[in-house]
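Working notes, beginning with the structure itself.
The values are calculated or read from the model by the stated rules, or taken from the named source; none is laboratory data. Because the structure is predicted, anything quoted here is derived from the model rather than measured. Here the Cβ positions follow ideal geometry from the backbone for every residue, glycine too, while neighbour counts run over all protein chains shown. Accessible surface is based on the protein model in full, side chains and every heavy atom, while ligands, DNA and RNA are left aside. Shrake-Rupley method; radii C 1.70, N 1.55, O 1.52, S 1.80 Å.
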Amino acid sequence: MTAVLAAIRSELTKIITLPVSWIFTGLVLALQVFVLVPSAGLSAEAIQNRTEDGLVELFVGSPQPVDEAVLGLLGASSLQLSLLLPALAAVIAGQEFRSRQLASTLLATPSRGLLLTAKVFATAMFLLLVAVLMTVISTVVTYTVIRDWNPGLLLSPEALLINGRFLAFAVLFSLVGLALTVIAGSTLVGIVGTVALIASTMTQLLTRVSPTLDALTPLSAGRNLLLDPGLNQLTASPTHALIVLVCWASGTIGVAAVVLTRRDV
């Protein structure tokens with residue numbers, strides 16, 4: 001256990017002392033603020049002008065109860081920019097491949113299984129921190145939208161569940177980016193691989209073939225986990241989505257472990 005903790009601490013130190021980790025993190029958070037803030041005023045105005053029946057249209061063409069609309073806004077606010085997190089994980093995982101330092105790392109941590117375990121846990125911890133900051137931004141922006149209506153909704157079990165689901169999605173999907181990078185031994189391939197997974201959902205190609213097949217992709221699982229089925233054409237339940245994400249993360253990490261064990265350095 002001591003060796004594991006020491007290895008995790010070493011990998012975490014590498015991450016937090018890597019300038020690109022913080023540059024990328026700052027970029028993601030800044031983009032989230034840039035995307036969310038301009039529309040906050042319009043959303044607040046829409047809530048103020050809600051109908052006598054308590055309906056509001058925060059999403060075009062979809063009037064719905066205010067509380068449901070706000071919770072949907074909270075989930076969507078976090079989900080949008082989280083698609084950059086697998087790329088951040090790829091950058092973190094690829095640092096040793098870019099600088100050709102893997103051999104030196106293995107001298108300090110000869111067990112490749114231990115090395116990958118430490119990388120996974122350290123990266124997950126850092127990404128969890130970034131995801132938490134993203135939920136804070138989403139919550140603050142949503143607060144500005146509903147502060148004159150019902151700001152206590154953000155502390156409701158439903159809102160906390162949405163934030164918890166987002167954290168799970170953000171970390172699990174990002175670990176897929178890490179694993180693809182280790183498998184390929186290349187940051188670029190890791191990023192391209194996650195972009196391909198995202199594109200398979202965004203283009204709806206798999207949905208046209210089979211909604212069941214689409215539900216097995218990680219981004220689709222994220223949508224199924226976070227978004228409102230009343231507003232979005234989802235393909236599976238939240239439980240199914242969480243299982244899919246766990247399988248993607250554990251499966252790709254398992255393949256990465258095999259590849260890393262056999263790789264010459």
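Fully extending the segment from MET202 to GLN48, taken as 0.36 nm per residue of separation minus the present Cα-Cα distance, adds 52.2 nm. On a per residue basis, the chain carries 48 Å² of accessible surface, using protein heavy atoms and a 1.4 Å probe. For the chain, the longest principal axis of the Cα atoms and the long axis of helix 19-48 meet at an angle of about 10 degrees. For the listed peptides 180-192, 216-228, 242-254, a ranking on the average number of other beta carbons within 10 Å per residue, highest first, reads 216-228, 180-192, 242-254. Dipole size of the chain about its Cα centre, with +1 on Lys/Arg Cβ and -1 on Asp/Glu Cβ: approximately 1320 debye, rounded to the nearest 20.
Using the Cβ of LEU55 as centre and a radius below 12 Å, the other residues enclosed give a net charge of -4, where K and R count +1 and D and E count -1.
Among PHE34, VAL258, TRP248, whose Cα sits farthest toward the positive end of the charge dipole of the chain (+1 at Cβ of Lys/Arg, -1 at Cβ of Asp/Glu, about the Cα centre)? The listed residue farthest towards the positive side: VAL258.
Residue separation times 0.36 nm, minus the C-alpha to C-alpha distance between SER250 and LEU18: what's the value? Contour length minus the Cα-Cα distance gives 80.9 nm. By accessible area, using a 1.4 Å probe on protein heavy atoms only, the chain has 67% of its surface on carbon and sulfur.
Take each peptide in 67-73, 52-58, count the other Cβ atoms within 10 Å of every residue, and average; sorted highest first, the result is 67-73, 52-58. Of interest is the spacing of the C-alpha centroids, which for the range 24-82 and the range 234-249 amounts to 24 Å. FRET efficiency for the SER39 to LEU129 pair, using the beta carbon distance and R₀ = 25 Å, is estimated at 0.45. Helical content of the chain, expressed as a calculated mean residue ellipticity at 222 nm, amounts to -25500 deg cm²/dmol (DSSP H runs of 4 or more residues, -39,500 (n - 2.57) each, divided by residue number, nearest 500).
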